[in-house]
Amino acid sequence: MLPLSHAVYCRPEAYRLFRQELPTIDESRSLFRAAFAIALHERPEADLAEAELVVENLADTVKSRVVSQSTSALLAHLHDVLFDVYGLRGNVENYYDPANSYLPDVLRTRLGIPISLVLVYKRVAELLGLVVHGVNAPGHFLAEVEGGEPQSGESMFVDAFFGGGILNQAEVAERIAQATGQEPLEPLQLQHATHRQWLTRMLTNLQAAFAALGQERDVYAMQELQMLLEARAPD
């Protein structure tokens with residue numbers, strides 16, 4: 001196990017910020033900041049305050065549009081702002097580019113993979129008072145909005161990769177089957193991703209992407225962050 005104060009391959013500022021956020025990682029703000037820290041390994045010039053201002057401005061834009069206090073109205077404006085106006089969407093042309101996992105890049109290009117897009121969605125939505133969970137589905141990553149279904153008050157599933165599409169459980173099962181190439185499970189069992197699981201999946205994705213590119217030192221850097229995450233896990 002590496003000493004917690006030292007990294008050999010990971011850029012020091014990335015390692016430092018990642019470590020700093022771990023004691024409060026169950027808070028959404030710390031999840032966002034720790035995910036941003038991962039990007040600092042290759043994007044040392046990225047500005048965390050600027051990224052936080054972007055999501056705050058997006059939330060403020062939604063707030064300025066909302067007249068009704070209903071959850072359905074809030075979600076309608078949230079989706080319009082994030083997916084239609086801001087243009088958040090999946091990078092279908094270059095899915096395995098590591099930049100799709102870097103929050104500074106995702107906020108600049110509005111392109112990403114499911115897990116990074118859901119993180120942006122979650123952060124903006126929770127600044128509006130909504131409760132959003134990541135759904136650690138096989139082959140895909142979705143958002144679940146508590147009480148998002150206006151008729152039943154049940155959770156609503158959102159696919160941030162495909163333009164914020166709203167899915168019921170049957171459609172979620174179909175989306176997972178498409179991603180994995182397997183028949184949908186009956187009954188469908190969906191689990192919320194803890195923030196540590198969220199970061200682990202991001203780091204695992206990046207290790208695979210860097211390995212495919214032959215960037216061995218970057219694989220080691222992501223492994224160092226993963227070791228730090230595991231070392232700081234609660235007993």
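Please treat every number below as a calculation from the coordinates, not as lab data. This is a predicted model, so every value here is computed, not measured. Note: ideal-geometry Cβ built from the backbone for every residue, glycine included; neighbour counts use all protein chains shown.
Here are a few things to note about the model shown:
- Size of charge dipole - the chain - debye, nearest 20, with Cβ of Lys, Arg +1 and Asp, Glu -1, no other charges: 440 debye
- Karplus-derived HN-Hα couplings along segment 168-175 (A = 6.51, B = -1.76, C = 1.60, θ = phi - 60°), whole Hz, x at Gly and Pro: 8, 5, 5, 6, 4, 4, 5, 5
- Between residue 147 and 155, 156, the built amide H atoms are under 5 Å apart, and every one of these is 5 or more places off in sequence or on another chain.
- J(HN,Hα) series, segment 11-19, from Karplus relation 6.51 cos²θ - 1.76 cosθ + 1.60, nearest Hz, glycine and proline x: 4, x, 5, 5, 5, 5, 5, 4, 4
- Subtracting the Cα-Cα distance of residue 45 and residue 110 from their residue separation scaled by 0.36 nm leaves 21.5 nm.
- The local environment of residue 212, defined by Cβ-Cβ distances under 12 Å, has a net charge of -3 under the rule Lys, Arg +1 and Asp, Glu -1.
- The angle between the Cα long axis of helix 28-40 and the main principal axis of the chain comes to about 50°, on a 0 to 90 degree scale.
- Report summary: the helix-based calculation at 222 nm, which adds -39500 (n - 2.57) for every DSSP H run with n ≥ 4 and divides by the residues of the chain, gives -16000 deg cm²/dmol.
- Table column - 3J(HN,Hα) (Hz), segment 108-125, Karplus curve with 6.51, -1.76, 1.60, x for Gly and Pro: 7, 8, 6, 10, x, 9, x, 5, 6, 5, 5, 5, 4, 4, 4, 5, 5, 4
- 5 Å binning of all Cα-Cα separations within the chain, expressed as whole percents from 0 upward: 1, 6, 14, 18, 20, 16, 12, 7, 3, 1, 0
- Under-5 Å amide H pairs with residue 142, H placed in peptide plane, nonlocal only: 135, 137
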